[in-house]
Amino acid sequence: MSRYPTVSFLKSAHRPSDFCPDLGLEVAFAGRSNSGKSSAINSILGRRDLARTSRTPGRTQLVNFFELGGERRVVDLPGYGYARVAPALRQHWKGLMEAYFGQRVALAGLFLVMDCRRPLTDSDWQMIEFAEARDCPIHVLLSKSDKPGRNEARDALRKAGAQLSGRATVQLFSAVTGEGLEAARRVLDGWLSKNKGPAGTRPAGNSEPGSGV
């Protein structure tokens, strides 16, 4: 059963004027195309196909809002980093992200989803900088942790923790095996249950309890 039984699609936004009303609290998910972002959202919310993956990675440049109830939302930000995307589409993505992070008072936290077999990219760092510019806490999900061997996954976690150096918390995550699922849900629940006040209260350290760092 879903932890958020009333979750439903709210709307998609192609431009900032299409964003839903900036009320309550919302948590955004960002990640490179094919990072496993949609699978992470579905797994954490306990829904099979709430967030859908485009058949052509990098083509869907929409901000998708999902209502959880009680003026709480999850926001699926458009994927990035796909090599064949035209320069105009990249510029659209950048402008949309600058507007989103610059405008959304309701933003309570950012999940950055990245394949644990891949290093942090320039685009990942740009997302971190977007969030840091408005003192938004960041939690990194090293997705697809079931793909490499156990030692390789733990090594990836150590390396990511060292690279992030306290700028974000980080954990291993697999939508297939459920590794890290409850830890990720605790982060989401914490962000969505806090009283709305000054943004920027970041969890201590650079790892979520149980992540193995």
Out of all DSSP beta bridges in the range 8-193, what portion is antiparallel? Express it as a percent rounded to 5.
30 percent
If the elastic network links every pair of Cα atoms under 10 Å, which of Ser33, Ser145, Ser12 fluctuates the most in the Gaussian network model of the chain?
Ser12
Thr121/Lys11 FRET efficiency (R0 35 Å; Cβ-Cβ; nearest 0.05):
0.75
Only Cα pairs under 8 Å and at least 6 apart count here; give the relative contact order of the chain as a rounded whole percent.
22 percent
P(r) for the range 8-193, please, calculated from all Cα pair distances in 5 Å bins and given in %.
1, 8, 18, 22, 23, 17, 8, 3, 0, 0
Divide by every residue of the chain the summed helix terms, -39500 (n - 2.57) for each DSSP H run of at least 4, and state the resulting mean residue ellipticity at 222 nm, rounded to the nearest 500 deg cm²/dmol.
-10000 deg cm²/dmol
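A short reminder: the numbers here are calculations on the coordinates, not readings from a lab. Because the structure is a prediction, the values reported are computed rather than measured. Don't worry about glycine lacking a Cβ; one is built from the backbone with ideal geometry, like all the others, and counts go over all protein chains shown.
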